[in-house]
Structures are given as structure tokens and as C-alpha cells.
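For reference, the structure discussed in these notes is given below.
The values are calculated or read from the model by the stated rules, or taken from the named source; none is laboratory data. What you are looking at is a predicted structure, and each value in this text was computed from that prediction instead of being measured. So basically every Cβ, Gly included, is an ideal-geometry build from the backbone, and we count neighbours across all protein chains shown. These area figures cover heavy atoms from the full protein model, side chains too; ligands, DNA and RNA do not enter into them. Shrake-Rupley method; radii C 1.70, N 1.55, O 1.52, S 1.80 Å.
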Amino acid sequence: MRARYGVPLGITAAAAAGLAYSAGFEARSFRLRRVTIPVLPRGMRPLRVLQVSDIHMVSGQRKKRAWLQSLAGLRPDFVINTGDNLSDPEGVPEVLDALGPLMEFPGAYVFGSNDYYGPRLRNPGRYLIEKLQGRHGLNGNEPVTGAVHNPWEPMRDAFDEAGWLNLTNTRGTLKIDGHTIGLTGLDDPHIKRDRYARVAGGPAASDDFSLAVVHAPYLRTLDAFTSDGYPLILAGHTHGGQLCIPFYGALVTNCDLDTDRVKGLSTHTEDGRTAYLHVSAGCGTNRYTPVRFACPPEATLLTLTERETHT
């Protein structure tokens, strides 16, 4: 009888231990990644850009708030927030408390679906099913009904008051050491709020350097930005796969991006042009799936340097 039940009980114990680790430790094991990207024109000094993404704040997450506040000690030249700040309609004050020290620096932001709508309980296995069926978000799925609307407007107003640029289907510029940094952003493609026609045309000739910002790295947005000549695209949304297999990687991206580029620095090519793509794995999770495995929560300090010259 012992042999009969030994394997199932062993599997159950291993699963329980894995769940305890992924929820109790790894989901709270915040990391800072440092990445260097050679994209600046000749003659510009390096720029230090802090990217924060997918905070998914839930009331009471004191460790996450304190960690985000501590990032101000990095003294970045500017901050890019790539969305999904909320996972709790009551979380806006805590998001603003967490990001308060960072709002002392120049910055810009786009929103993600979880800024607009509250999360819903769903079977994580559906992400795999949707991947196999080629369905992601509202791109092929039925429209969302009965969603909880998050109070995103006070968050937007606070960001705007701090001087952060709202890049919702629009452009903006930051002045850094006399250089003009052009930023072009889109609203979240995951819920079909992106309107590329409003920002099409590529970087402005008057900008010393330009980059593109979007929450979810859907291929249609990456194609458009790259074809228009942006040298760098910043995105989030994927959570780096969130539940990954050691030595293999992510199973899903929750969009039509391939899993090889689910997080970190890669490239994207379209119409003979190539852009760097950086996808943040983010520092939070949906409140109903507060686990990470082989994919710790993160923010990234991007050091932009001069482009490499080829002779």
C-alpha cells in the first residue's frame, strides 16, 4: 500500500514546495538588471534610463513599495513606466507612494489593460490554450464584459502633475543635458487601444535621439515602430513568462511575440530596418496568480551608449 501511494504523495509534496517557493520567496525576490544598449548618435554622453513595468500593486505590499522607492538611489536620467501599475482598485495611493521618489526625475509612461480594468480569476492553463489557438487578449477573443473599472484617472493626473509625459497614442520630448529626447508611445495593444496612425512617420528630425514605448509588445506595433526607424522599443506585459521551466524558459508571452524574446534585450527587424527591443519581466503579478518561478520580479537600468561604428 505504501508503494501505491508513494509517487502521488511525492508529487503532491514537490508541487506544494514549488508553490510555496514561487509565491513566498521568488515573487518577492526583487532584482535590478543592468543592460547596455548601443543606440545613441555619436557625441552624446551615455543616458541611464530606469524602466519599471507591471507593478500590479495590491494594497499591503510593503516590501514592493519600499523596493520601488529605493530605486531612486540610482539617480537615472529619466524613467520609463511601461504600464500595468494596478492589480487592485484600492491600489492607486500605494502606487503613487511607491513611485513618489522616482517622480522627482523626468519620465514618461503608457498604461496597460490592468490600469484600466481590474483582474479576473482565470485558469492559467488558458494562456497555453490561447497560444495554441493564436488568440491573445482581445486580439481574436470575445470583448470583455462585466469588467471592474479601475480608478486610473487619479494615477494619470499624479503622473502628469509630476511632469511625466503621457504617451497614450502620442509623442513627447524630454530635455536631458541640452539634448532633445523624442518619445513616441501607444496605448495598450492587448485591448486594442493602440492607434498607430496618430503617431506614424518616425522620429522627428529635430530630436537628437528617439525611442518608442508600448505596454504589450504585439508584432504589429513592433513592425510599425521598426519600419518607421525607431532604434529602440521598450515594452512590458509578458511578465517574462512568469512561470518558466529552468534551462528551457518561458512557455507563453500572453501576446504574439515569440518566447525567445519574452524578456530582456533582443532585436526586431522589419522592412530592412532593425531596432533594439527591451521587454521588462516586470515586478508584479496578477493578484489571483501571485507566483513566479524561474523568473524573478525586476526593474531594469538601461545604459544607452553611442552606436557602434563599422568600418
Does R287 satisfy the criteria of being of a type in the set (D, E, K, R), open to solvent by less than 10 Å² (accessible area, probe 1.4 Å) and under 27 Å from Q61 (Cβ atoms)?
no
Say whether the condition of being aromatic (F, W, Y), surrounded by 21 or more Cβ atoms within 10 Å (Cβ to Cβ) and not in a loop (DSSP other than H, G, I, E, B) is met by at least one residue in segment 192-200.
no
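Scanning for something part of a strand (DSSP E or B) and surrounded by fewer than 14 Cβ atoms within 10 Å (Cβ to Cβ), does segment 166-178 turn up at least one residue? Quick ask: steps written out before the conclusion?
Narrowing segment 166-178 to residues part of a strand (DSSP E or B): 166, 170-176.
Keeping just the survivors that are surrounded by fewer than 14 Cβ atoms within 10 Å (Cβ to Cβ) gives 175.
Checked segment 166-178: at least one residue is part of a strand (DSSP E or B) and surrounded by fewer than 14 Cβ atoms within 10 Å (Cβ to Cβ).
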Log entry, pairs with first residue in segment 236-262 being under 18 Å from G284 (Cα atoms), second being open to solvent by less than 20 Å² (accessible area, probe 1.4 Å) and basic (K, R), beta carbons closer than 7 Å, six or more apart or on different chains, reads Q242/R292
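Could you grab me the full set of residues in segment 50-89 that are assigned to a loop (DSSP other than H, G, I, E, B), among the polar types (S, T, N, Q) and touching a strand residue (DSSP E or B) at 6+ places or on another chain (Cβ under 8 Å)?
Keep residues of segment 50-89 that are assigned to a loop (DSSP other than H, G, I, E, B), which gives 53-56, 58-61, 75-77, 82-85, 87-89.
This time we only want the ones that are among the polar types (S, T, N, Q), so: 53, 59, 61, 82, 85, 87.
Of everything in segment 50-89, those that are assigned to a loop (DSSP other than H, G, I, E, B), among the polar types (S, T, N, Q) and touching a strand residue (DSSP E or B) at 6+ places or on another chain (Cβ under 8 Å) turn out to be S53, T82, N85, S87.
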From the list L9, L32, L19, which one is at pLDDT 95 or above and either touching a helix residue (DSSP H, G or I) at 6+ places or on another chain (Cβ under 6 Å) or among the hydrophobic types (A, V, I, L, M, F, W, C) (or both)?
L32
Residue ID - surrounded by the fewest Cβ atoms within 10 Å (Cβ to Cβ), chosen from residues in segment 72-93 that are touching a His at 6+ places or on another chain (Cβ under 9 Å) and charged (D, E, K, R)
D88
T305 vs (1) in contact with a strand residue (DSSP E or B) (Cβ under 8 Å, 6 or more places away or on another chain); (2) buried (at least 17 other Cβ atoms within 10 Å of the Cβ): all pass except (2)
